[in-house]
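These notes concern the structure reproduced below.
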Amino acid sequence: MSTVRDWAGSLPRGGSVLDLGCGAGVPVARALIDAGFAVHGVDASPAMIAAFRARFPGSPAECSAVEDAQFLRRSFDGAIAWGLMFLLQPATQRELIRRVALSLAPGGRFLFTAPDEACEWPDNLTGRTSVSLGSAAYRRALESEGLALVGEAEDEGQNHYYFASKPAGPGAAG
């Protein structure tokens, strides 16, 4: 979880974070809550949201498809989609980026994971086809919604991370 902790260091102390596809909240929400952030979880699975709520009774949780989440009508200092984007169809991924961009406060940060190459593969957990748009397409999608892709990284497990930011204010750079 060092990537999450490092990313969270760029957020305002005690800020609000939207965990998209939060599952039961471990390890991502746990790392953020332990660091003092106010985490809001969203997951489409009733069982996962029930586990999240049981584990973190003080953290708001919503059971819905992430692209339809009511929480996206609020403002957050950060949003994270760990192991989620590639499970969504390409149009839904772009829509989620649009909605996240709207929900981020000025200076807000977005972290998500997806392969850096454009590709498709059968997901072992869901049985559905997973789709990565690839680095260039994610950059274009983020930029078209006013977000800047400020970095990418890959860990020893070949998980690829995208770090995006929203400008801090009119004319400011992210």
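Each reported figure results from applying straightforward, stated rules to the coordinates on display, with no laboratory input. All of these numbers come straight from a predicted model, not from anything done at the bench.
Note that region 48-63 has calculated 3J(HN,Hα) couplings of 5, 5, 4, 5, 4, 4, 5, 6, 10, x, x, 9, x, 9, 10, 9 Hz, one per residue in order, obtained from phi through the Karplus relation 6.51 cos²θ - 1.76 cosθ + 1.60 (θ = phi - 60°); glycine and proline are x. Structural descriptor for the chain: relative contact order 18 percent, calculated from alpha carbon pairs under 8 angstrom and at least 6 residues apart. For log10 I(q)/I(0) by the Debye sum over Cα atoms at q = 0.08, 0.09, 0.10 Å⁻¹, the candidate list reads [x] -0.46, -0.52, -0.58; [y] -0.30, -0.37, -0.45; [z] -0.21, -0.27, -0.34; the entry that matches the value derived from this model is [z]. Cα centroid separation, region 48-72 to region 126-163: 23 Å. Close amide H partners of LEU104, meaning residues 5 or more places away or on another chain with modelled amide H under 5 Å apart, are PHE76.
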